[in-house]
Amino acid sequence: MAKNEKTSTHIASKASAVLRSPNSSKAAKSIAGSALAQTGTGKTTSLKIATKAAKALDSNQTGKANKAIAGSVLTQKPGKRR
């Protein structure tokens, strides 16, 4: 079960800018779209997007804004069920 986290308006604003930018990568746009979809809802991050977000956080080429979005998306990933 997720921790009942939601995307903040600050992160949603950054995600919106990523989606509007023609220079953003496909992976960055996927992560940003997921973050926006979780704004004000109980939706959680899928395994596919969580994997992309983890890779983005690990990459030296990812900018600060994209890393903030990726971190937000990962906090909304459901944990393992016991």
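Here, each number is a calculation from the coordinates, and none is a lab measurement. Quantities reported herein were computed from a predicted structural model and do not represent experimental measurements. All Cβ positions, even for glycine, are placed from backbone atoms using ideal geometry, and neighbour counts span all protein chains on display.
To keep it simple, each residue is scored yes or no on (1) more than 12 Å from Gly71 (Cα to Cα); (2) free of Cβ contacts under 8 Å to residues at least 12 places away in the same chain; (3) in contact with a strand residue (DSSP E or B) (Cβ under 8 Å, 6 or more places away or on another chain); (4) of a type outside the set (Lys, Arg).
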| site | (1), (2), (3), (4) |
| --- | --- |
| Ile11 | no, no, no, yes |
| Ala17 | yes, no, no, yes |
| Arg20 | yes, yes, no, no |
| Thr45 | no, no, no, yes |
| Ala53 | no, no, no, yes |
| Ala56 | no, no, no, yes |
| Asn60 | yes, yes, no, yes |
Residues that are among the small types (Gly, Ala, Ser), more than 11 Å from Thr7 (Cα to Cα) and under 12 Å from the mean Cα position of the chain (by Cα), drawn from region 34-67: Ser46, Ala50, Ala53, Ala54, Ala56, Ala65
